[in-house]
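Accompanying notes for the structure given below.
Derivation of every value follows stated rules applied to the coordinates shown; laboratory data play no part. What you are looking at is a predicted structure, and each value in this text was computed from that prediction instead of being measured. Cβ atoms come from the backbone with ideal geometry, glycine included; neighbour counts cover every protein chain shown.
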Amino acid sequence: MGDRVKNALEDMCFQFAYTVETAEGPALGTGGLSALEEAFDVLGWDDPHFIPEQVCQWGHCLKRATCGTPTKDKGYLRVCGQHYELLSQLSEKT
């Protein structure tokens, strides 16, 4: 499979697959949809497919990072909604 086709298939999986919370953190799941099952199979992905690059970067949180924000002492962090709220409140106090 060429890189262009592989990248397109991965992009479609990230857009249409379901977000699944696992003990390791966020993952993508097929939800039993045959087209996604076939795509996961072609890509060699397990179902669910763990996505470590999307783990919240705050502490030991294992939720999916949905947004990012600059921080005063840790640089830019990708975080879940709960920790984004916390960081917003902390930045308002400084």
The residue that is farthest from A65 (Cα to Cα), considering only those in segment 1-23 that are assigned to a loop (DSSP other than H, G, I, E, B) and aliphatic (A, V, I, L, M), is M1
| field | Selection status of Q89, of a type in the set (S, T, N, Q) and exposed (fewer than 11 other Cβ atoms within 10 Å of the Cβ) | value | yes
The correct count of residues that are assigned to a loop (DSSP other than H, G, I, E, B) and hydroxyl-bearing (S, T, Y) in segment 24-78 is 2
Expected single match for surrounded by fewer than 16 Cβ atoms within 10 Å (Cβ to Cβ) and touching a Lys or Arg at 6+ places or on another chain (Cβ under 8 Å) among Q82, Q54 is Q82
